[in-house]
Each structure stands twice: as structure tokens, then as C-alpha cells.
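Take a look at the structure below.
None of the figures in this text is laboratory data; all of them are computed from the coordinates on show. Since this is a predicted model, take the numbers as computed values, not measurements. Positions of Cβ are generated from backbone atoms using ideal geometry, with glycine treated the same way; all protein chains shown enter the neighbour counts.
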């Protein structure tokens, strides 16, 4: 995971007077899962579509696996796979036909095994419009990876999928990554991005406001760590004790909930207090700020935090 | 080549499998043909003389103008061309394959019309099969070319209907299908010479059926072929992959250039 397979430099995209993407730069390393996050209108789609060779640039440059996507489309098509967000296939296509059709254009043998793997084994002769949303998305993914692309673009891959399908898709993403495929994941599902991505970039109003591992990004925030404690005799509830680094204290059901800026001293002091009161600790949970919390923090501050 | 054949096979099957496509490719022209053959011939026995050229021309005009543009626009709106572009499907294939498969469906339908007209209704047999088939190919090329162009330049499916009807309705009324060109008032007859169906009927009658021509029949064939090729060339030039991305090589108004050969057709005598 050292070589950059995607390089974006000062990329700018405009539509008339509207600036959709305003001079962003980033690299994606070979073999990593790279999450591209942002609210609607942030410029994610313009960035992805430009990388996929669907749009021209209004400034800057891009390279995907050494190819300029705007000028070398024929070379690019066998190097990338794209699972589009919705539709994108003729209604009367059957999965078998679609697999045969696109593999022929990629000049590779059809991968019918992928259809079975994606749970389409009983639906291979069913027309596209008769498939459920979940099966349509599975088909789109099977088609996107059939020619073994070096870079795979996934746009909201789990939207509309049930839990087992999501788990299966995540497993497949990890397998593809293990096989060396670089995955660009655009999603609104922060939990998915946090779980799956090696690094994420957050876009806001056409600008790249932060980039890094999910841990690095959440650590930069002002988010408070939530400590939930439950004891046998509820010695914390009415003690009025003040613990170090605690900003806020609430009660929820049988738990005392503390929001801490420095988790170490807070937890040590709570345990010491419980022991001093001859009480017994039943449950203690520590929840660090999630990527979603950090994302909301960035989005609501307009990218200034 | 394998990809092209696969694509062609799929597109041909869509013309039968898709209910709307099957209706426009087969049920509508054949249903209209049988209705006209049973009713019109009974009302006006002279109609039998032109049954084959009229119904072949009608089948071609109806199937192409009503059947080709709408799926092209819908595919663009549904993002199907985006998927095609990403997977390396050439723009030329996207346009030429529906045109070729439409011509193949037309060949089947027109063969049914011709054979049935002769065997079931005793319609006159074409005296020159070469001229008849050549005219069929010319009007099929012209009509598919124009239809593909309409599909490319239409911004939406609603506009497609409008554009198609601008050509289809005058073709039905003035294009020699209901009233022979020679029976139209002189000014109307000249204006009708801008319509592909007028040239098709002129060429079918003179080159295929052995009747007299209203104006130069080979001129009609040339105009049809040139019009079809020009329309198709403009469609390729103006093709847009994506309805969300309006970037294309020229204004859709350039599509009006496809009318040039037909405007020249007014001066044929």
C-alpha cells in the first residue's frame, strides 16, 4: 500500500457559474479502500465521475492507474470497474445477458460464477426490472468486478440492501482488497465508511476539508468521549461527585453518563469513587466520538473545525 | 466483433421481448395492414393497386419514427449510456445497432405484408423485385436515420413524441399514403416532396410496381439514401452520453441539416 494509483491535483469542476469542485488534491494508494464522504452537493459525484472518465475537467489534472481519464478512455475502461448508484441497465436485460454483454466489450470470458456468488443463482434469467433493488445492486457489483479491474468505484453500494447482503458485500470488498483491488467508496453511511475505509476524505461545498484514517479524523475533533457506568447500589447517581475532565453528566435508565474530554483520568476517578463507596461496578462502557459525530461537526461548522 | 454481435443479438431480442417495442415493430403495422386490407379494399377496390407500397411505407415510417427515438432518450435519461461508456461500448454501436435491428424487424414485417397482400388479398405483384427491394432499403435507411437523429437531439421523451409527430403525421396525410401525390394541389404536392414517404411512394410505384412516377424515381432514391446517411451522421456527431451532462459537440439545431436533401427534393420533376 505504498504506490499512489490515483492522483488528483488542483481538480476543478464548474457548471456554468456554479463551482462544484474547487481545486482539490489527493492521492489514493494502491490496494486501499478510500472513503469519499460529504453531504449532497459537496462535489463527490463530480469528482467520481471525472475519475471515471464521464466528465471533462475545468482545471487541474487526474491520473488513474497512470491513465488520464479524460483523454484515454479506451485504456481506462479495462482498468476500472464502476458500480453506479442506481439503474444503468436496460430493463429487459437478464443477469446472464448483462454479464455476457459487458464481458464481451471488456474482451474477457463471462464470469457467471460471480452471479451465483452474489446470490443471483435463481434469477439469472429474470429481467432486470423484475429484480429487487438489492439484487439489482448485487448484479451491478458483479458486472463491475467481472473484468478484474485495478480500481473499483462504489457509489452507495449498500443503499437498499438488507443486513445479510451488506455483510456479504463488505466481505467481498475485503476479498477484493486482499487481491490488490483499490476501492473508492462514496457513501452516506458513516458507520460503513469508518468500518471499511483505510482512509477517508470529507468534502464540503466543493472543497476537501479533511483527509486521513478514520481514527485520525475523529481524533482531530472536539467530540467528547461518552462514559456510561452502572453500579449495584447506584452510588454515583446522587453523589454529586465531580470527576476530572467531565463536561456533562446525565442519567439514562440505570446508567450514569459522563462526557469527558480526557478519558483516562475520568475513568480512573469513577472507579476509585465506586470502590470508596463500597459499591460494585456492573457495567462500564466507553464510546469514543464516531466518524459520524466528527462528520456532523465538520458539516455544521462549514468545514472550519 | 464478438461484442458487436452480442449487442446486436440482445437488441434484436428486445424488439420482440419488450412489450412496447413488439407493439410498434409488429402488432401496430400488421394490425393496421390487416384492417386496411379488409376494410379499405372493400370500400375502395382501387386501393388494392397500391396496397403493398402503401403498407410497406407505413410500416417503415410508423415502426421507426414511433419506435426508435423514445428508447434512445429513455436509455440516456436512465443512465444506461453512462454504464455503456464506462464499459467501453462505442457511441457508434449504441446508435447503429438499434437502427440495424429495426431494419431487420422491418424486413420481417414487410415480408409478411408483401406475401400476405399477394396470397391473401390478390394485390398486384411487384414487377421489378430489385427496384422494390432497393426502394425498401432506401426508405428504411432514411427513416431509421431520421428516427435515430430525433432520439439523439430530443431533450426528453415528451419532446421525442413532438418531433416524431412533426414528421409522422404529415407523412400520413400528404406523403402519398392516403392520397397520391399527383392528386394533391400543385403547391401541396411540392411541399409534400419534402417528406420521405412521398419519395418512397414515388420510387415504389415507379421502380417496383411498374406504375408511372410523379417525379424522377431515382432522384427519390438518392434523396432517401442521402437523407438517411446525413441524419445518421449528424446523430453520431451530436450524440450525448448523459442527460445530466449536457456537453455535446454541437447545438441540437444542427440536426435540421438532415432536411437538406429533402428540401432539394422539392425541385425534382
Using a Gaussian network model on chain A with a 10 Å cutoff between Cα atoms, which of A:194, A:168, A:156 fluctuates the most? A:168
Could you give the angle, 0 to 90 degrees to the nearest 10, between helix B:217-238's Cα long axis and the longest principal axis of the Cα atoms of chain B? 10 degrees
Taking the beta-carbon count within 10 Å as an exposure proxy, list B:218, B:163 from fewest neighbours to most. B:218, B:163
Can you tell me the equivalent ellipsoid semi-axes for the protein assembly as shown? Use √(5λ) from the Cα gyration tensor, largest first, whole Å. 66, 24, 20
Considering only DSSP beta bridges where both residues belong to the protein assembly as shown, give the percentage that are antiparallel (nearest 5). 70 percent
Quick one: work out Rg over Rh on the C-alpha atoms of the stretch A:224-288, Rh as Kirkwood radius. 0.91
Just need log10 I(q)/I(0) for chain B at q = 0.10, 0.14, 0.17 Å⁻¹, Debye formula, equal scatterers on the alpha-carbon atoms, no solvent, rounded to two decimals. -0.49, -0.94, -1.31
With an 8 Å Cα cut-off and a minimum separation of 6 or more residues, compute the relative contact order for the stretch A:224-288 in percent. 51 percent
Sort B:222, A:8 so that the residue with the fewest other Cβ atoms within 10 Å of its own Cβ comes first and the one with the most comes last. B:222, A:8
Ranked highest first by the average count of other Cβ atoms within 10 Å around their residues, in what order do A:129-139, B:52-62, A:276-286, B:111-121 fall? B:52-62, A:129-139, B:111-121, A:276-286
Residue-averaged beta-carbon neighbours from other chains (10 angstrom radius) around B:83-94: 6
Any idea what diffusion coefficient the stretch A:4-219 gets from Stokes-Einstein, in µm²/s, Kirkwood Rh on alpha carbon pairs, 10 °C, 1.306 mPa s? 90 µm²/s
If you stretched the chain out fully between residue A:109 and residue A:207, how much longer would it get, using 0.36 nm times the residue separation minus the C-alpha to C-alpha distance? 31.2 nm
Rounded to the nearest 0.05, what FRET efficiency do residue B:20 and residue A:233 have when you use their Cβ-Cβ distance and R0 = 60 Å? 0.20
What is the calculated FRET efficiency for residue B:115 to residue B:165, with r their C-beta to C-beta distance and R₀ = 30 Å, to the nearest 0.05? 0.45
What is the angle, in °, between the Cα long axis of helix A:291-300 and the longest principal axis of the Cα atoms in chain A? Nearest 10 is fine, range 0 to 90. 90 degrees
With just the Cα atoms defining each centre, how far is the stretch A:97-153 from the stretch A:202-250? Give it in Å. 43 Å
Determine the shielding of peptide B:69-82 by partner chains: average, over its residues, the number of Cβ atoms on other chains within 10 angstrom of each Cβ. 3
If each DSSP helix of 4+ residues adds -39,500 (n - 2.57) and the sum is divided by the residues in chain A, what number results at 222 nm, nearest 500 deg cm²/dmol? -9000 deg cm²/dmol
Order these by the 10 Å Cβ neighbour count, fewest first: B:139, A:184, B:5. B:5, A:184, B:139
Nitroxide proxy distance, nm - points 7 Å out along Cα→Cβ at residue B:186 and residue B:9: 5.9 nm
Quick one: Cα centre-to-centre distance for the stretch B:92-168 and the stretch A:18-41, in angstrom? 48 Å
Please give the FRET efficiency for residue B:107 paired with residue A:220, using the beta carbon to beta carbon distance and R0 = 41 Å, rounded to the nearest 0.05. 0.05
Give the shape of the stretch A:142-281 as rounded, prolate or oblate, defined through the alpha-carbon gyration tensor: a ≥ b ≥ c are the square roots of its eigenvalues, a/c under 1.5 means rounded, and otherwise the shape is prolate if a/b is larger than b/c and oblate if not. prolate
In whole µm²/s, the translational diffusion coefficient that Stokes-Einstein assigns to the stretch B:115-269, given a Kirkwood hydrodynamic radius over C-alpha pairs, 25 °C and 0.890 mPa s, equals 150 µm²/s
Crossing angle, helix A:263-276 versus chain A [Cα axis fit, 0-90 degrees, rounded to tens]: 40 degrees
Which whole-number percent is the relative contact order of the stretch A:16-99 (Cα, under 8 Å, 6+ apart)? 19 percent
